[in-house]
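Throughout, read-outs are computed from the coordinates displayed, never taken from laboratory work. Note that the structure is predicted; figures quoted are calculated from it, not measured. Counting neighbours? That spans all protein chains shown, and the Cβs are built from the backbone with ideal geometry, glycine included.
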Amino acid sequence: MSESREHRLETPEGDICWFEWGERGEGASLFLLHATGFHARLWDQVVAALPPGTHVIAPDHRGHGRSYRPATLANWAATSDALLPLLDGLGGHPLVGCGHSMGGYALTRLASQRPAAFRHLVLIDPVIMDPAFYPVEASPIPDPAEHPVARRRNSWTSAEEMRARFADRPPYANWDPRVLADYCTHGLLPATDGEALELACPPALEASVYQNALRTSPHEWLHYLAVPSTVIRAPTGERGGELDFSLSPTWTGLGAAIGATRDELWAEHSHFIPMEDPARVAALLADLAT
């Protein structure tokens with residue numbers, strides 16, 4: 001696969017960073033959206049397993065990677081809406097959208113607003129809950145510092161130190177080692193004090209995402225979806241807490257609710273499907289893009 005090209009798009013709120021591989025051709029382009037706390041280059045191994053020349057676009061969500069950092073990521077709908085200028089700038093070329101976790105949630109909102117932009121949606125464990133869980137808007141917005149994610153280690157000497165630290169720890173121990181290397185290589189930025197490296201998605205911002213996952217109901221727009229879709233889910237069960245991603249947090253009724261053309265259980269995987277089996281994800285996307 002060709003090398004990635006980094007771009008920046010100015011928006012009223014700040015710059016969106018996005019990456020591109022290949023060139024537009026006769027088939028659809030792929031539009032890939034990553035999960036909470038990660039970045040666009042988590043898709044590198046999926047891209048590497050695609051047919052040569054496949055055109056791929058993968059942005060960093062606001063507050064993630066090299067995109068702008070708002071004060072909070074409490075509003076999940078706003079995270080999706082921040083990508084509308086990028087989507088509108090792609091010139092109407094047909095897209096196969098693929099979103100993992102929060103990226104899948106965001107993709108459904110984009111497709112409800114710009115249905116003509118997409119040929120097909122692939123929602124990989126998209127963290128869309130049963131309608132009964134939404135919304136929880138009445139309660140005060142909690143302090144991100146109170147969430148355990150806010151206490152993530154945020155000072156590293158190198159990407160290799162980070163990779164070695166995570167390699168034998170869940171959930172990273174089950175990832176393709178190349179994906180873990182990509183996460184660490186592209187997931188660190190120079191610290192503001194210039195003495196070390198820090199996470200490209202600051203722990204407090206990541207915490208604000210988790211704390212507010214139920215404040216904006218995607219069911220407000222899911223009934224507007226008119227794009228053929230595929231839902232891929234990990235096994236469900238009694239999770240050990242909101243940060244237990246060994247099992248799927250996705251509503252099992254989602255596929256039926258949106259009329260998905262495919263609704264598949266990938267039983268051998270955890271929530272981190274693209275990180276564990278990028279080649280299988282790539283094969284699915286390649287079939288849809290041709």
If R₀ is 51 angstrom, what is the calculated FRET efficiency for the pair ILE141 and ASP287, using the beta carbon separation as r and rounding to 0.05? 0.75
If you place +1 on the Cβ of every Lys and Arg, -1 on the Cβ of every Asp and Glu, and leave all else neutral, what size is the dipole of segment 143-290 about its Cα centre, to the nearest 20 Debye? 140
Scan segment 195-250 for trypsin sites (Lys or Arg not before Pro) in coil per DSSP, keeping those whose Cβ has at most 16 other Cβ atoms within 10 Å, and list them by number. ARG239
For segment 165-242 and segment 83-138, what is the separation of their Cα centres, given in Å? 16
Report the local net charge at TYR68: Lys and Arg +1, Asp and Glu -1, summed over other residues whose C-beta lies under 12 Å from its C-beta. 0
Set the Förster distance to 25 Å, then compute FRET efficiency between ALA164 and ALA196 from the Cβ-Cβ distance, nearest 0.05. 0.95
Net charge within 15 Å of LEU83 by Cβ-Cβ distance, Lys/Arg positive one each and Asp/Glu negative one each, not counting LEU83 itself? -2
Taking 22 Å as R0, compute the FRET efficiency from the Cβ-Cβ separation of ALA256 and GLU220 and round it to 0.05. 0.75
For n ≥ 4 DSSP H runs only, could you compute -39500 (n - 2.57) per run for the chain, divide by its residues and tell me the 222 nm figure to the nearest 500? -7000 deg cm²/dmol
In nm, to one decimal, how far is the ALA48 label point from the ASP81 one, both placed 7 Å along Cα→Cβ? 3.8
Mind checking segment 85-194 for GluC sites (Glu not before Pro) that DSSP puts in a loop (not H, G, I, E or B) and that have at most 12 other Cβ atoms within 10 Å? GLU137
Multiplying the sequence separation of GLU268 and GLU26 by 0.36 nm and subtracting their Cα-Cα distance, what value in nm do you get? 83.7 nm
Placing unit charges on C-beta atoms (Lys and Arg positive, Asp and Glu negative, everything else neutral), compute the dipole magnitude of segment 63-177 about its Cα centre in debye, rounded to 20. 280
Given unit charges at Cβ for Lys, Arg (+) and Asp, Glu (-), the dipole magnitude of the chain about its Cα centre in debye, nearest 20, is 220
Tensor-based shape of the chain (alpha-carbon gyration tensor, a/c under 1.5 rounded, otherwise prolate or oblate): rounded
Taking the Cα atoms of segment 139-290, what is the range of coordinates along each of the three principal axes, in descending order and whole Å? 51, 42, 31
For PHE133 and GLU242 in one chain, what is 0.36 nm times their gap in residues minus the Cα-Cα distance, to one decimal in nm? 37.9 nm
